[in-house]
Amino acid sequence: MLSNLKRSINENSLRDVNRLNVMLTFFVLVCALIFLVLAENSKVTIVMSIKSGLYMFTISSLHKYMLRYSANKFDDNLFMFRLYRYVIGYVMGISLYLFSWYIAAPLAGLKPLDSLEDLMKYGLVGFMINTVILVLHDFVIVRRVKIQSDIEVARLQTRNAEAENLLLKQQIQPHFLFNALSTLKVLYGTDTGKGDQYLLQLSDFLRVAVSNNRKVLDTLDDELTVCKNYLNMQKIRFAESLDWTIQIEDPEKLQGYVPTFSIQSLAENAIKHNSFTTRQPLKITIRQHGEYIEVFNSIKAKSYGDISTKSGLGNLAERYYLLTGEEITVKNDGKVFCVGFKIITDESSNN
């Protein structure tokens, strides 16, 4: 229950214990006032109410002190911590209870504790009261430990998700850069003018990629800008064999968020896994529809090709799930391939 005393008995848990002590004292006083209203002998009720309130406040405070003292004295020995705390706590609690009766009884006109039977009876009552206090103190501490553990687990899960997300995102860029440099080499070998145009587009693309290196989310507007840049590069390469359009129904949705390089990677995936010619061009449509962004492309799958399980669609699916806990949608009717996902409205996923 309290295997790590330094972690369990801290300022937060002691503050919770102190609040509990105040509540217990208040509860005893309220009960005493109720008895005062109902009782016929007000003198007895007043004296015993004061006695009960003072006793509860004093003994609960002493138990809190013993809790802190025992934890500091036996911070690496759970058995001695419990033994010291409970034994001294019960001795103090029962002794103080009997002493309070010894003082209050004559003032209230009650029979004093002058027999062994009375000592045993009221000693048992004191034992039960202190047991309740100790159990409640332990409950408060265990509850605080659980809250702290849940917070730490949530933080670790968040950090793990962020690290995994960043790793998945960074797998895109080396793959893209390799293909871009290969394309640039081919273009300079056939048409230096197109090579120069492609190089300018590549330079702009890499500038954005470097500035967004640590980001996991970007606005839809900025992501579409990156995607346009990428598709312009591919247009230089494939000319009339590639046709693309972007359709935005609600311009306000452009301020929503999507995973960085998400739409660009889907466009890259479409180009990578389809064959196309001037007579049968590849058509890519990026459409914002309601709360969703969708990427469509015509299908004419290559009979062979390099298929990566950690780029494109699979990469996006993992990143989006890490950010939102939701799945992307994939539709394929044999003619058109479509991937869609909900636009994220809360930028805190990028923290």
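The values are calculated or read from the model by the stated rules, or taken from the named source; none is laboratory data. Fair warning: this is a prediction, and the values are worked out from it, not measured in the lab. Counting neighbours? That spans all protein chains shown, and the Cβs are built from the backbone with ideal geometry, glycine included. For accessibility, only protein heavy atoms count, side chains too; no ligands or nucleic acids. Shrake-Rupley method; radii C 1.70, N 1.55, O 1.52, S 1.80 Å.
The table for this structure:
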quantity: Options ILE151, ILE172, ILE147; residue that is among the hydrophobic types (A, V, I, L, M, F, W, C), surrounded by fewer than 16 Cβ atoms within 10 Å (Cβ to Cβ) and at pLDDT below 80; calculated: ILE151
quantity: Any hit, segment 40-55, residues being in a helix (DSSP H, G or I), open to solvent by 50 Å² or more (accessible area, probe 1.4 Å), among the hydrophobic types (A, V, I, L, M, F, W, C) and at pLDDT below 85; calculated: yes
quantity: Elements of type strands (runs of 3 or more DSSP E) contained in segment 244-343, each with 3 or more residues being open to solvent by 50 Å² or more (accessible area, probe 1.4 Å) and out of contact with any Pro (no Cβ under 8 Å at 6 or more places or on another chain); calculated: 282-289, 329-332
quantity: Every pair of residues 6+ apart whose Cβ atoms lie under 6 Å, when the first sits in segment 59-74 and is touching a residue at least 40 places away in the same chain (Cβ under 8 Å) while the second is open to solvent by 40 Å² or more (accessible area, probe 1.4 Å); calculated: ILE59/LEU96; PHE74/MET80
